[in-house]
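This report concerns only the one structure given below.
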Amino acid sequence: MLETLIPLVINKSVEIILGLLLEKFWAWVLKDNNCQRLNQFLKIKILTLYLDWVLLKTPLKYLPEFAPENNSEIND
């Protein structure tokens, strides 16, 4: 009888401990400052993906050309 009782007690203890840990974890995750930080991160990620898409979509002929620097003043 004791051999079957000990695993039941251990299982129930582990279940209660894991339940409490999960409850504390979700309370921490759902805090307002964590949600704001995640929201800001997602906004930056979306902006980065959009800019990457725009730059990949823009053909090179529409990008401004840089004139080569004229170093004739130094050579004169």
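Does the stretch 2-41 hold any residues that are among the charged types (D, E, K, R) and within 17 Å of the chain's Cα centre (by Cα), and which are they?
Step one: filter the stretch 2-41 for residues among the charged types (D, E, K, R), giving 3, 12, 15, 23-24, 31-32, 37.
Correct list: Lys31, Asp32, Arg37.
Within the stretch 1-75, considering only helices (runs of 4 or more DSSP H) that don't extend past its boundaries, which have at least 1 residues that are modelled with pLDDT under 80?
Numbers: elements: 2-29, 32-57, 72-75.
Output list reads 2-29, 72-75.
The values are calculated or read from the model by the stated rules, or taken from the named source; none is laboratory data. Everything quoted here is computed from the prediction, not taken from an experiment.
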